[in-house]
Each structure stands twice: as structure tokens, then as C-alpha cells.
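Encoded as C-alpha cells, the structure appears first; notes follow it.
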Amino acid sequence: MAGMESKVNIKASFCFEMGNYHLMEDMPCQDYIARHIGGEAVVVVLCDGAGSVVHSELAAQSVAEHFSKEFAENFYYWECMDEENFRHSLLKEAQACTNESGVKNACTFLLCAISYEGRLLWCHIGDGCIFGCFYEGPRVISEPENGEELNMTYFVSSADVVEHIHRGELQVDEETMIVMCSDGISDNLWKREENKFAPAFLTFQKWMETYSEQEVSDVLGTNLREVFREKTEDDMSIAIMQIELAGE
């Protein structure tokens, strides 16, 4: 809430980079991340545009920028909605993004909003992953959702998307790190079959505790280009939000 004393300190770092396929084909990166610091919350939105849709990078940018601002300024409005109203209101807002970009919203959607009272609201459509890192270690908050085939997923523009909008909340009462990433990254951070997490999560925590937001964003970019690009042909995007209780 505007003017109220914050109960948490929030840092956010992020980066998105082209994958090898788009580099070779001289195509734009279709991943996009937007961060907004608003009157009610700090919000990061990550969108991955559909590779088969021309100019889906514009849709990803439009959706990410629109919803990062919307949830940052109106966090409590969205948090108080019941599940059905939340889903339909989200799609109604998404229609405005279509009008702004002029491109069909063929993109996945990962959102994390953190209020200054320490309330965390997340939303997820499609593949990619949302992780949470707590005292007991990392765990999956929202896993990828694919269609009938592993190379299929759900987009904001999918005909039946209302059934595939996932949402959750939690109260932050300990140091917490949230990691959102597109499918170009998630498979390298979490081995789903074994429920095994990469050592990178510990590295991310040290970076967020030690360096500024921009410094972490810069080193994330270096790692996407020099480490992760060798492991995937896809575009790559990752966002990290570190939440600490104020005064600690």
C-alpha cells in the first residue's frame, strides 16, 4: 500500500537472451521480462513467445509490461478475487494487450507479485517453471504444463486457456528467493523425474545476497550466453526475486 512502511526488502534481477537457433536464423529473441515497482507491490512477469507465431516477441513484451504494472499498482484487487473471477479478469486484461501490440498473445505467462507486507501472489500459464528457495532448500512452486505432446504448451491466447491458469499465494515469513524461468532454462535447473535441483540455486542465493540488482542481472546474462546456450537451442530467460524481512 502506498505510504505504508515495508515489512520486506525486495530485490529483483533478470535477463533474457537469444538461443542458438534464433542466432543462426537471425531472428529476434521471443522471451521477454518486465519488472515494475508500484504503489502496492514489486512485480516481475516473464513471457515466452511462441516460436511458430511471427512477431510473438511483441506479444510477449506487451503482456509482460502490461501485467507487471497492473499487479504492482493493484495487487490487493487481484489478491482478493476468487479463482473464477481471477481467471476471467486476467483474460479480459490480456485482450487489451492484443490491441496494444496488434499481435495475437501467443506467449506463456509467469508472474510473481510481492506486496510490501510480504504477501506473494503468483500466476502461471504454460511451460517454464516457478521455483521457491526457502530455509529447507529449493522446491517447485509451479511446474511446466504441456499439451498432448511435450513440445506443446498453453499460451495466453489458447482457446481453452481459462482451464490452464494456475495461481497461488503465500505469506513470506522467512528469507525467500523466487526463480522464474522459461523452458530454455528450467530443464537445466530441475530434473523432473528425479526431483533433483541444480547447485545453481545456491549460487543464485549468494549472488542476490552479495551484489546489486544490476550486477546480478549482468552476471546472469554472461551465464546464459556462455553456459546455458551450449545446452539449449531455445531462447533463455530467468528472473530472480530475493525477499528478506525488513530489519534483518
Response to the item:
Most packed first (mean Cβ within 10 Å per residue), the peptides 89-97, 68-76 order as 68-76, 89-97
Worksheet item: Taking the Cβ of Met177 as the center, what net charge do the other residues with Cβ under 12 Å away carry, scoring Lys and Arg +1 and Asp and Glu -1?
Response: -1
Discussion item. Please compare each pair in Lys7/Lys69; Lys104/Lys231; Lys7/Lys191 to a cut-off of 26 Å on the Cα-Cα distance and tell me which ones are over it.
Written reply: Lys104/Lys231; Lys7/Lys191
Worksheet item: Which value in deg cm²/dmol, rounded to the nearest 500, describes the helix-derived mean residue ellipticity at 222 nm for the chain, given -39,500 (n - 2.57) per DSSP H run of n ≥ 4 and division by the residue count?
Response: -9500 deg cm²/dmol
Worksheet item: Which of the cysteines in the chain are isolated, no other cysteine C-beta under 4.7 Å?
Response: Cys15, Cys29, Cys80, Cys97, Cys112, Cys123, Cys129, Cys133, Cys181
Worksheet item: Given charges of +1 on the Cβ of Lys and Arg and -1 on the Cβ of Asp and Glu, with all other atoms neutral, how large is the dipole of the chain about its Cα centre, in debye to the nearest 20?
Response: 220 debye
Item to complete: Using percent of Cα pairs over 30 Å apart as the read-out, say which of [x] 20; [y] 33; [z] 39 was calculated from these coordinates.
Response: [x]
Worksheet entry | Sum of side-chain charges, His66 neighbourhood, beta-carbon under 11 Å (Lys, Arg +1; Asp, Glu -1) | -3
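Among Glu40, Glu213, which comes first, then next, by fewest other beta-carbon atoms within 10 Å?
Glu213, Glu40
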Practice prompt. Kindly put Glu193, Glu233 in sequence by how many other C-beta atoms sit within 10 Å of each C-beta, fewest to most.
Written response: Glu193, Glu233
Worksheet item: Taking 0.36 nm per residue of separation and subtracting the Cα-Cα distance, what length does fully extending Glu174 through Tyr135 add?
Response: 13.3 nm
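Please sort by residue number the trypsin sites (Lys or Arg not before Pro) in the stretch 187-217 whose DSSP state is loop and whose Cβ has at most 14 other Cβ atoms within 10 Å. If you can, show how the numbers build up before the last one.
Numbers: sites: Lys191, Arg192, Lys196, Lys206; in loops: Arg192.
Here the sparse-neighbourhood loop sites are Arg192.
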Worksheet item: Distance in nm between label sites at Glu83 and Lys7, each 7 Å beyond Cα in the beta-carbon direction?
Response: 2.6 nm
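None of the figures in this text is laboratory data; all of them are computed from the coordinates on show. Owing to the predicted nature of the structure, the values given are computational and were not obtained by experimental measurement. Note: ideal-geometry Cβ built from the backbone for every residue, glycine included; neighbour counts use all protein chains shown.
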